[in-house]
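A short worksheet on the structure shown next.
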Amino acid sequence: MHFHVITIFPEFFPSPLSVSLLNKAQEKGAVSCTVHNLRDYAAGKHHSTDDAPYGGGPGMVMKPEPVVTALEEISRALFHPWRILLSPQGIPLTQKKVEALAERETLVLVCGRYEGIDERIRTFVDEEISIGDYILSGGETAALVMIDAVARLVPGVVGRQESIVHESFSDSLLEYPQYTRPEEFRELRVPDVLLSGNHAEIARWRRRQSLLRTRARRPDLLDRANLSAEEKQWLTEESAES
Ligand code: 9WO
């Protein structure tokens, strides 16, 4: 998976990309990230990437020419680039969407800045994606979220054990509660079942906890869950969350 990022703040990227999983993925050659400075594609003495909004109003607007020049020059050298604009007006990034993006060879991510982008930029990307319903100071942190989520799904990046955890999210339930040593911490005990060594009982307890927690915190996710008769029964019982 090759990521190309277009940004006025290239310095945002090296540190997050050089840590842990993303660093290992790049060392293995499974993932590459190339960050392009939008300013390098801006014309004129000042290499401006923003200008005042037509019609007036506060703030500055990202100019179309530098972004489109960058998109065209970068895309020319790539095989089947898929161009994405990160924006609060995009379609929501879900694990399902992440899976679809991970099938692509090359993603070109455009990070917006200032108080908005020129509407015509939208004509030159393949899709517009939002990571959630909040305003950021720019698209860079959203691009990092997308790179992190997509890179994990590239074959060879995440080991077998972790990939099972990912499957459980695709199953659309929240994770069960987890514990490690000590057995008792500030009078809070690890549930007995987890110390029992009964793996069938542990699996049942975890599944039930996932369901109860999902109902309590994210009931919207249950609509998509595939539940057995017994699991539906658990959800009709009167029980405290987790
Ligand atoms: C800032 C602002 C300030 C005063 C009045 C209006 C304003 N609008 C904005 C604004 O929308 N800024 C955006 C910041 C411009 C494009 C890039 N920005 C951005 C991207 N914020 N949040 C995202 C984003 C991207 C992906 N998923 C979630 C949020």
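Bear in mind these aren't lab numbers, they're just calculated from the coordinates by the rules spelled out. Keep in mind the model is a prediction, meaning the values are calculated, not measured. Note that we place each Cβ from the backbone using ideal geometry, even for glycine, and neighbour counts take in every protein chain shown.
Between beta-carbons, use under 15 Å as the cut-off and find the net charge around Met146, counting Lys and Arg +1, Asp and Glu -1. Counting the neighbours of Met146, the net charge comes to -2. Cβ under 13 Å from Glu11's Cβ, Glu11 left aside: what net charge do those residues give with Lys, Arg +1 and Asp, Glu -1? Result for the neighbourhood of Glu11: 0. Considering only DSSP beta bridges with both partners in the chain, what is the antiparallel share in %, to the nearest 5? Just about 15 percent of them are antiparallel.
For the chain, the gyration tensor built on C-alpha atoms gives a prolate shape. Its axis ratio a/c (a ≥ b ≥ c) is at least 1.5, and a/b is the larger of a/b and b/c.
Taking the longest Cα principal axis of the chain as reference, the axis of helix 199-217 is set at about 50 degrees. Annotation for segment 79-157: chymotrypsin sites (Phe, Trp or Tyr not before Pro) lying in DSSP loop with at most 14 further Cβ atoms inside 10 Å of their Cβ are Phe79, Tyr134.
Between the Cα long axis of helix 140-151 and the first principal axis of the chain there is an angle of about 50°, rounded to the nearest 10.
Of Leu221, Leu195, Leu38, which is the most mobile in a GNM of the chain whose springs link Cα atoms less than 10 angstrom apart? Among Leu221, Leu195, Leu38, the largest mean-square fluctuation in the Gaussian network model of the chain belongs to Leu195. A Förster radius of 41 Å combined with the Cβ-Cβ distance from Arg122 to Asp223 puts the calculated FRET efficiency at roughly 0.85. Treating r as the C-beta distance of Glu162 and Thr236 and R0 as 45 Å, the FRET efficiency rounds to 0.85. The angle between the Cα long axis of helix 64-76 and the longest principal axis of the Cα atoms of the chain comes to about 70 degrees, rounded to the nearest 10. Length gained on full extension, Arg104 to Leu188: 25.6 nm, using 0.36 nm per residue less the C-alpha separation. Model label points for Lys28 and Tyr179, set 7 angstrom from Cα along the Cα-to-Cβ axis, are 3.3 nm apart.
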